[in-house]
1. Fully extended, how many nm does the chain gain between residue 92 and residue 53 (0.36 nm per residue separation, minus their Cα-Cα distance)?
2. Among 62, 86, 46, whose Cα sits farthest toward the positive end of the charge dipole of the chain (+1 at Cβ of Lys/Arg, -1 at Cβ of Asp/Glu, about the Cα centre)?
Amino acid sequence: MGEREIKAFALAPLPLVAPLLLAIAVNAVAGDTGDGGYAGVFFAMLAFALLSYVATLLIGIPIHLVLQHFRKTGLIHYLSLAVLPFLLLAGAIAVWLQLAPAPVPPVNPFGLYMNGGVAIKWTLVFAAIASLSATTFWYAGVRQPKP
């Protein structure tokens with residue numbers, strides 16, 4: 001990977017990380033920090049930023065390497081590979097909710113039947129976040145500037 005791709009890797013999680021870190025910081029200053037105090041808030045911010053970069057490293061870089069191997073540089077390719085797994089997961093959850101038998105007792109330890117719609121919505125939120133990160137990575141690291 002070249003210098004441009006490394007810079008793009010550093011920028012890819014920012015559409016999600018920057019607003020959330022700002023919201024956490026504003027809440028810590030203006031709102032209530034609860035029992036954690038400022039050290040807990042700082043640790044949460046640090047952990048969130050670290051997890052964002054780990055997700056980009058484990059998901060985004062392999063997608064980039066596969067597309068680079070097949071010489072695909074279009075934005076649609078990056079968006080497709082970043083969003084498709086989340087859309088398939090949301091579809092699988094929807095099919096599972098419709099076709100799987102409900103548990104006989106009214107007890108559901110996993111809460112999938114009770115919270116199935118919420119699971120689908122959050123999966124689609126993650127698809128939107130993946131599309132933002134893929135677009136940022138593509139724009140900063142793959143797109144060829146027009147002369």
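Read-outs throughout are calculated quantities, based only on the coordinates presented, and are distinct from any laboratory measurement. Please read all numbers here as calculations on a predicted model, not as lab measurements. Every residue, glycine among them, receives a Cβ derived from its backbone with ideal geometry; neighbour counts consider all protein chains shown.
1. Length difference between fully extended and current span is 11.3 nm.
2. Going by the Cα projections, it comes out as 62.
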